[in-house]
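Worksheet: one structure, shown below.
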Amino acid sequence: MNNFESRHSQPKLNNDEGWVVQVYGSNRRLLCVLEPSHGWIFLIGCGFGLLLSIIWFNVARYSPSLDTAPPVDSAPLQVD
């Protein structure tokens with residue numbers, strides 16, 4: 001490798017660094033930092049919420065309602 005190639009070679013990129021999102025306000029102050037763990041926790045929470053709602057819906061569909069009483073035979077209204 002000659003001198004020209006050593007000066008103009010591509011730098012090695014490390015793909016294991018991950019990502020970080022930094023949110024700044026209008027006055028250029030740092031408001032919050034989002035890291036990869038925040039994204040994974042959010043996705044796990046969404047999946048858990050979806051699973052819980054599916055289970056809740058299925059249980060509610062097959063369970064008898066507590067506020068419905070059996071129909072009572074009543075006399076028809078009499079008109080004078």
Rg/Rg_globular for the range 21-61, with Rg_globular taken as 2.2 N^0.38 Å and Rg from C-alpha atoms:
1.88
So the carbon and sulfur contribution to the accessible area of the range 21-61, 1.4 Å probe, in percent, is 72 percent
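The values are calculated or read from the model by the stated rules, or taken from the named source; none is laboratory data. Values in this document were obtained by computation on a predicted structure and should not be read as measured data. Keep in mind that these areas ignore ligands, DNA and RNA; they rest on the heavy atoms of the full protein, side chains included. Shrake-Rupley method; radii C 1.70, N 1.55, O 1.52, S 1.80 Å.
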